[in-house]
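Worksheet: one structure, shown below.
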Amino acid sequence: MAIEYNWKCTVCGAANVAGTAKCSQCGSSAIISPIEISLGRTGGDRPRLSTSERFTLFAWTGIFGVGAFLEAMSIPPKAIWFIGMGLMVLCFVVLLTVGAVWKRK
Ligand SMILES: [Zn+2]
């Protein structure tokens with residue numbers, strides 16, 4: 001998508017003229033997401049998350065939310081509090097583990 005005005009590249013900072021869609025210096029698109037900006041700044045060597053990886057993150061974040069919800073409710077019996085705490089700790093461990101594994105790829 002071409003930009004109708006002179007713009008500055010968000011990745012390398014180069015100035016670009018109106019009507020261009022890609023940076024003349026580094027080739028980045030004029031309109032990119034923050035994730036792409038950070039990838040561009042770190043060399044872009046990190047692979048994008050696959051659909052299953054996104055789903056895994058989404059699912060575990062949801063489970064963490066359930067745990068946090070149970071914590072916040074702290075309704076009797078007390079066991080619910082421990083279940084909530086257990087879910088949150090479990091999710092924390094799982095997300096740290098998958099993060100470490102994916103980084104190594
Ligand atoms: Zn650029």
From phi via Karplus (6.51, -1.76, 1.60), per-residue ³J(HN,Hα) for the range 50-59 in Hz, x at Gly/Pro: 6, 4, 5, 5, 4, 5, 4, 4, 4, 5
Candidate lysines - alpha carbon under 24 Å from Lys103, same-chain residues fewer than 8 apart omitted: none
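We did not get these values from a lab; they are worked out from the coordinates using the rules stated. Note that the coordinates shown come from a computational prediction; the quantities given were computed from them, not determined experimentally.
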